[in-house]
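*Asks:* Please read through the structure below; I'll follow up with questions.
The values are calculated or read from the model by the stated rules, or taken from the named source; none is laboratory data. The model shown is predicted, which means the values in this text are computed figures rather than measured ones. Positions of Cβ are generated from backbone atoms using ideal geometry, with glycine treated the same way; all protein chains shown enter the neighbour counts.
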Amino acid sequence: MSVAIVTGSAGLIGSESVSFLADKFDTVVGIDNNLRQYFFGEDGSTKWNRERLANQYDNYKHYTVDIRDTTALQKVFEEYGSAVQLIIHAAAQPSHDWAAREPLTDFSVNATGTLNMLEMTRQFCPEAIFIFTSTNKVYGDTPNYLPLVETETRWEIDSSHAYYKHGIDEHMSIDHTKHSLFGASKVAADVLVQEYGKYFGMKTAVFRGGCLTGPNHSGAQLHGFLAYLMKCAITGNQYTIFGYKGKQVRDNIHSNDLVNMFWQFYQNPRPGEVYNAGGGRFANCSMLEAIALCENISGNKMNYTYSDTNRIGDHIWYISDLSKFKQHYPEWNWKYDLTVTLEEMFNALRSRL
């Protein structure tokens, strides 16, 4: 029997992983206790997605388990043991604004929860491939000190600095920078995953995501920027832009493209590796550009306001350089550009709202 375990299985990346893996493993085990609803309220609930997965995939087995609960986790790992071949750890507290409200909760989920998953893997299925969904917030606000120029709709890297023309790569330091408490808890988890690969020789990998997005995102004001933006475009709810003149830039990777990266790594793992994972130069936008796209796709004029106060430690410009991953796994490439992703999101949200 072949088994894959996915944490945060009712979330965006978790549910995409379940769908992707369902025909590749005998059993896909989902671990998710809908803590996202606690973080973000009813908007953030993933109950609908958990029910969808259970109805759609006969070989999906859901466990309403908190990754901080080692006793409950151990029961799951004991049940499947060495049959587990792949673990995708996507469960997290994902908002740097929210983390400041409850630092102990944030750290216990992001750091201690990841340590629990690594230890369960080491004890019960040490040969399994362990993939961790990290974040570009591990680089803190260091990207804000890059040479940037302002254009009509966005901030952009100064063209005289050719090193960054493809974006930010894995050589950027994660030290001596303001991470946000969320970024700090993810740094701890990120380094733990690397260490279990390098110290114990386990097949672990860290994927430092840009903006992860897709039609199954339960977007909320504090997390899931494109999904929440499109939701506001549909409903007419007010959206607030925080600082940087609305010209802050993010790269956006569709959840299916990211899970495809995971699959490439699974087939040829490299222990303790770290990869930046985002839309790169293929799919990126500023806040103003995203609003224009949402208005064009929805046919609605957006109701938004502007606040001069940017979020603490927020990036002015962040585009991922995926050159390292594409060198290691040349068969991979993006499939979903921003327009296709937002059109999918529009259709999915309209059917759910």
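*Asks:* Which one of the conditions (1) polar (S, T, N, Q); (2) in contact with a strand residue (DSSP E or B) (Cβ under 7 Å, 6 or more places away or on another chain); (3) surrounded by fewer than 24 Cβ atoms within 10 Å (Cβ to Cβ) does Gln37 fail to meet, given that it meets all the rest?
*Replies:* Here Gln37 meets the rest and fails (2).
*Asks:* Filter segment 249-279 down to the residues that are surrounded by fewer than 22 Cβ atoms within 10 Å (Cβ to Cβ) and touching a Ser or Thr at 6+ places or on another chain (Cβ under 7 Å), then identify the one that is nearest to Lys24 (Cα to Cα).
*Replies:* Looking at residues that are surrounded by fewer than 22 Cβ atoms within 10 Å (Cβ to Cβ) and touching a Ser or Thr at 6+ places or on another chain (Cβ under 7 Å), I get Pro271.
*Asks:* If we scan segment 102-122, do we find a residue that is modelled with pLDDT under 95 and closer than 30 Å to Met230 by Cα?
*Replies:* no
*Asks:* A further question follows. Give Ile316, Ile312 a once-over and let me know the one that is of a type in the set (Val, Ile, Thr) and over 19 Å from Gly167 (Cβ atoms).
*Replies:* Ile312
*Asks:* Then there is this: Within segment 153-174, restricting attention to residues that are of a type in the set (D, E, K, R) and under 21 Å from the mean Cα position of the chain (by Cα), which residue is nearest to Lys247 (Cα to Cα)?
*Replies:* Checked segment 153-174; the qualifying residue nearest to Lys247 (Cα to Cα) is Asp169.
*Asks:* Can you tell me which condition Phe25 does not meet? The list is (1) buried (at least 17 other Cβ atoms within 10 Å of the Cβ); (2) among the hydrophobic types (A, V, I, L, M, F, W, C); (3) within 21 Å of the chain's Cα centre (by Cα), and all the others hold.
*Replies:* (3)
*Asks:* Ok, one more. Which condition from (1) outside any helix (DSSP H, G or I); (2) closer than 25 Å to Thr235 by Cα is the one that Ala4 breaks?
*Replies:* (2)
*Asks:* Sticking with this structure for a sec: What do you reckon, is Arg68 touching a His at 6+ places or on another chain (Cβ under 8 Å) and of a type outside the set (S, T, N, Q)?
*Replies:* Values: touching a His at 6+ places or on another chain (Cβ under 8 Å): no; of a type outside the set (S, T, N, Q): yes.
Answer is no for this residue.
*Asks:* Which members of segment 189-219 meet the condition of being touching an Asp or Glu at 6+ places or on another chain (Cβ under 6 Å) and either within 14 Å of Pro94 (Cβ to Cβ) or modelled with pLDDT of 95 or more (or both)?
*Replies:* Answer for segment 189-219, where residues must be touching an Asp or Glu at 6+ places or on another chain (Cβ under 6 Å) and either within 14 Å of Pro94 (Cβ to Cβ) or modelled with pLDDT of 95 or more (or both): Ala205, Val206, Gly210.
*Asks:* Just wondering, is there one or more residues in segment 314-322 that are modelled with pLDDT of 95 or more, assigned to a loop (DSSP other than H, G, I, E, B), under 24 Å from Val259 (Cα atoms) and not acidic (Asp, Glu)?
*Replies:* There is at least one residue in segment 314-322 that is modelled with pLDDT of 95 or more, assigned to a loop (DSSP other than H, G, I, E, B), under 24 Å from Val259 (Cα atoms) and not acidic (Asp, Glu).
*Asks:* Return the only residue of Thr240, Thr213 being touching a strand residue (DSSP E or B) at 6+ places or on another chain (Cβ under 8 Å), touching a residue at least 12 places away in the same chain (Cβ under 8 Å) and buried (at least 20 other Cβ atoms within 10 Å of the Cβ).
*Replies:* Thr213
*Asks:* Can I ask one more? May I ask you to list the residues in segment 178-204 that are surrounded by fewer than 24 Cβ atoms within 10 Å (Cβ to Cβ), closer than 22 Å to Val259 by Cβ and small (Gly, Ala, Ser)?
*Replies:* Gly197
*Asks:* Any residue at all in segment 24-32 that is part of a loop (DSSP other than H, G, I, E, B), at pLDDT below 95 and at negative phi?
*Replies:* So far as segment 24-32 goes, no, none of its residues is part of a loop (DSSP other than H, G, I, E, B), at pLDDT below 95 and at negative phi.
*Asks:* Ok, one more. Output the qualifying pairs, or none if there are none: Cβ atoms under 9 angstrom, residues six or more apart or on different chains, first residue in segment 42-69 and more than 12 Å from Ser19 (Cβ to Cβ), second residue of a type in the set (Asp, Glu) and surrounded by 19 or more Cβ atoms within 10 Å (Cβ to Cβ).
*Replies:* Here the result reads Thr46/Asp32; Arg50/Asp32; His62/Asp32; Tyr63/Asp32; Thr64/Asp32; Val65/Asp32, each pair linking segment 42-69 to a residue that is of a type in the set (Asp, Glu) and surrounded by 19 or more Cβ atoms within 10 Å (Cβ to Cβ).
Results for (1) of a type outside the set (Asp, Glu); (2) over 15 Å from the mean Cα position of the chain (by Cα), shown as yes or no for each residue.
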position: Thr235; (1), (2): yes, yes
position: Gln248; (1), (2): yes, yes
position: Asp257; (1), (2): no, no
position: Met261; (1), (2): yes, no
position: Gln264; (1), (2): yes, yes
position: Gly272; (1), (2): yes, yes
position: Gly279; (1), (2): yes, no
